[in-house]
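Structure, as structure tokens:
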Amino acid sequence: MKPFLFYVSTLLLGLWLQIVVNHFFGGSWFSLQIMLVSVIYWGLMRGPVSGAMIGFSWGLLIDSSSLGFLGLHGLLWTLVGFATGVLRRQLDESKPWTQTIFTFVMSIAYSLSLLAIERLLIAGDRSIQLASILEPLWNALLAPFVFVGLHAWERLWEMRPERR
Amino acid sequence: MFAKVLVAGGSGVVMDWETNERTHASAVVAALVLICLSFLFFKNSSFVKQLRSMLQLASRPTHQILSDFYTPPESEAVSAAQRTSSPETAEPASPAWVTTIESHRAVVQLQHENQRLREVLGLRAARWPKGIAAHVTGRDPQRWFQEIVIDRGRQDGVVLESPVVAVLDGREGFVGRVVEVMERTSKVALIQDSLSAVAARLVGSAAEDGVVEGGNSHELILKYLDRNSPIKIGDAVVTAGLGAMIPPEIPIGWVVDISLDPRQLFLQARLRPVIATNRLSVVLILVPNPS
């Protein structure tokens with residue numbers, strides 16, 4: 001029961017935090033994807049299956065609560081969670097620099113994929129927003145703080161990552 | 001980390017375990033990707049729309065709290081609007097109220113909110129008595145100039161394609177149109193969206209029709225004007241009211257630049273919109289008359 005509650009509350013907390021951040025801090029030049037950074041954390045700490053599952057769940061939730069296509073973020077964050085989980089053994093995720101650089105790279109990959117898929121799905125020209133260009137930078141800079149917060153959240157629940 | 005595992009468990013065991021993990025993960029990811037792709041391909045199906053509505057239950061509490069956070073109770077808003085708004089008769093803010101910086105900030109925020117509500121209610125009373133006032137509750141930074149979410153939906157009488165206006169700094173302006181209606185929320189495509197196109201008319205000597213399109217930026221473009229049009233910088237542009245949904249004479253913007261279009265066939269003008277959509281917090285939905 002406790003793991004189930006932990007996963008559900010983590011899903012909801014991540015979603016609500018993202019909405020609050022978008023509401024109060026989102027702007028034409030600032031965009032922070034707390035949930036994307038959290039998917040990366042999850043993949044690094046718990047492996048590809050957990051990373052993909054949480055990416056899928058958060059992706060669908062954010063798709064439904066925001067303005068995009070249902071399944072778009074679900075698809076991309078599933079792949080981000082999976083890729084992160086697969087690559088975790090090549091990284092020392094405890095170092096802030098690693099967190100920052102890896103988050104930056106994954107955020108760029110995500111942004112480019114999002115742009116490509118949106119261009120396929122939406123007829124007409126969609127120019128690139130300044131917020132989208134700067135987003136990987138903000139994600140990367142704030143990744144160590146998000147990692148610390150998520151680690152504290154796990155300790156609060158006494159849920160240790162399933163690392164082998 | 002990999003080296004540590006190798007030392008601890010032996011390379012063969014670890015490789016087997018890793019291979020198993022990746023195979024298992026690949027199967028899971030393939031299934032999830034397939035589900036997402038089917039959602040995307042069948043995005044207009046009733047199942048996907050119902051699923052979306054169900055998933056929205058998870059985010060509704062946050063949207064509700066955020067909406068309530070700066071929404072005064074309706075009775076207060078209405079009574080505030082009914083009171084006179086002239087600065088001479090308005091009661092000045094007493095310094096005694098302001099005991100801390102936080103409370104001062106809260107007062108300023110409420111004053112701004114009150115002002116916006118008064119403007120919208122004033123506009124509704126003067127021009128659109130059947131308009132539905134709504135708060136902007138969501139905005140995706142990656143679609144900043146494209147769409148907003150408002151806290152009124154089907155239950156409140158919002159219908160698809162309803163035009164949306166707002167008033168900022170005492171000026172009324174066209175904001176966009178409703179493109180998706182849910183039970184309690186709706187999505188509005190902003191006029192700045194590059195996929196948006198609204199029939200428009202120049203006001204003044206060059207009373208000529210054109211089409212205003214967005215460019216995913218602050219500015220708009222008025223297209224398909226005659227090459228000999230006497231359009232001037234500073235001319236106002238309003239909705240033409242050619243369609244059944246959008247009423248005429250709603251201000252859109254002012255001409256700031258004039259040029260020939262890329263094919264040299266028509267004149268086109270860059271417009272500065274009346275409504276700066278990055279400051280939107282309250283809008284008015286113009287629900288069409290059933291008759």
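Key figures for this structure:
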{"item": "Rounded to 10°, Cα long-axis angle of helix A:72-87 versus longest principal axis of chain A", "result": "40"}
{"item": "Mean-position separation - Cα centroids, the range A:49-117 and the range B:250-287, in angstrom", "result": "37"}
{"item": "Principal axis dimensions, the range A:27-115 - Cα atoms, whole angstrom, descending", "result": "36, 30, 18"}
{"item": "Nearest-ten-degree value, helix A:2-25 long axis tilted from longest Cα axis of chain A", "result": "40"}
{"item": "Convex hull volume per residue for the range A:1-57, taking Cα atoms only, in Å³", "result": "78"}
{"item": "Fraction of accessible area attributable to carbon and sulfur, the range A:3-103 (%, probe 1.4 Å)", "result": "79"}
{"item": "Chain A: angle of helix A:96-121 to the longest principal axis, Cα-based, in degrees nearest 10", "result": "40"}
{"item": "Within-11-Å neighbourhood charge of B:Gly176 [Cβ basis; K, R +1; D, E -1]", "result": "-1"}
{"item": "Environment charge at B:Ala200 (Cβ cut-off 12 Å; Lys +1, Arg +1, Asp -1, Glu -1)", "result": "-3"}
{"item": "Chain A - percent relative contact order, Cα under 8 Å, separation 6 or more", "result": "27"}
{"item": "Highest-first arrangement of B:38-47, B:252-261, where packing means the average Cβ count within 10 Å", "result": "B:252-261, B:38-47"}
{"item": "Simple Cβ-charge dipole of the range A:1-115, Lys/Arg +1 and Asp/Glu -1, about Cα centre, in debye nearest 20", "result": "240"}
{"item": "Nearby lysines by direct alpha-carbon distance to B:Lys187 (threshold 20 angstrom, same-chain neighbours under 8 apart not counted)", "result": "B:Lys43, B:Lys49, B:Lys130"}
{"item": "Protein accessible surface hidden between B and A, which excludes ligands and nucleic acids, total in Å², probe 1.4 Å", "result": "4800"}
{"item": "Separation of the B:Ile233 and B:Arg272 label points, Cα + 7 Å toward Cβ, nm", "result": "1.1"}
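The values are calculated or read from the model by the stated rules, or taken from the named source; none is laboratory data. It should be emphasised that the depicted structure is a prediction, and the values quoted were computed from it without experimental measurement. Glycine also receives a Cβ, built like all others from the backbone with ideal geometry; neighbour counts cover every protein chain displayed. The accessibility values were calculated without ligands, DNA or RNA, using every heavy atom of the protein model including side chains. Shrake-Rupley method; radii C 1.70, N 1.55, O 1.52, S 1.80 Å.
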